[in-house]
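The values are calculated or read from the model by the stated rules, or taken from the named source; none is laboratory data. Computed from a predicted model, the values in this text were never measured in an experiment. With ideal geometry, Cβ positions are generated from the backbone for all residues, glycine too; neighbour counts draw on all protein chains shown.
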Amino acid sequence: MSSLSMKKVRGRALNANAQNTNNFSMWMEPLSHKDYPLTHINNPTNNAVVTSNGVRNVAVAQPGLLYNQARLDISGSVNPTRWTTGQIINSVFLAGDDPLLNQRDASTNLSAISSGSIARYVYTPKFNNSKIMVEYSAYYVITGNAPLNSGEDTFTASIKITKIGEVEPVNEFIIGRRIQHFPDSGFPGSGTRSSPMLPIMGVYTNISLENIEFTIDFSSTNNDKVKFYRTYSDACMKVTEIAL
């Protein structure tokens, strides 16, 4: 003790006691944010993540990730099995010439027709309690003229649902319809006096994981025909599944 006065020794002891609550030794290194073994963990798992702020905390392992107002960075894919109401479960966009959009007709453009199917797509739901929205649009040209002194021309587009795999009878119904009218103008040819056939949108409430075929159908009340274009830039379909 020859090189240290009693006053200096007493000062170091008080300082060590303030920095080390257990006071094992007045020369013990103060607790810091260095790497220390993790203790006092209830039900620890390999996925437990603990952030130290210098205070002794108790970390409890949870069955899932619980984050609130925190950024979560994931380098891999995420495959959820539950969704909150209004959350987008899945979204599919198909250009007009996509083979999946016209599985029964390989042609890029349809010949002028007075009725028939414009496009078809089979969708597999990701969830059995969802709302499925279907949107379709395409460029089309109507041949002929509006009637003269004989009523009006009417052209109808619709979205039809077919549940694949159901027990007969097959469940088919319409979830969307658009009608375009060309009234008698007293002159050969006239402009439409209504909304156009396309784009068209419909929604279906889904309760199973069975495949669903969406068909865009067309019909007219006269012999005037319509030519639909289905190239990459002329047509498209979007299917969006949303949790209920």
Checklist entry - So TYR204 fits all but one of (1) in a loop (DSSP other than H, G, I, E, B); (2) of a type in the set (Ser, Thr, Tyr); (3) at pLDDT 85 or above; (4) surrounded by 14 or more Cβ atoms within 10 Å (Cβ to Cβ); what number is the exception? => result (1)
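Every residue, every condition in (1) surrounded by fewer than 14 Cβ atoms within 10 Å (Cβ to Cβ); (2) modelled with pLDDT of 90 or more; (3) in the same structural domain as GLY191 (by TED's automatic domain parsing), yes or no:
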{"site": "ASN53", "(1), (2), (3)": "yes, no, no"}
{"site": "VAL60", "(1), (2), (3)": "yes, no, no"}
{"site": "GLY64", "(1), (2), (3)": "yes, no, no"}
{"site": "PHE93", "(1), (2), (3)": "yes, yes, yes"}
{"site": "SER117", "(1), (2), (3)": "no, yes, yes"}
{"site": "LYS160", "(1), (2), (3)": "no, yes, yes"}
Checklist entry - Within the range 228-244, restricting attention to residues that are of a type in the set (A, V, I, L, M, F, W, C) and in a strand (DSSP E or B), which residue is farthest from SER111 (Cα to Cα)? => result ALA243
Checklist entry - Consider LYS238 against the criteria (1) buried (at least 17 other Cβ atoms within 10 Å of the Cβ); (2) under 17 Å from the mean Cα position of the chain (by Cα): it satisfies all of them except one. Which criterion is unmet? => result (1)
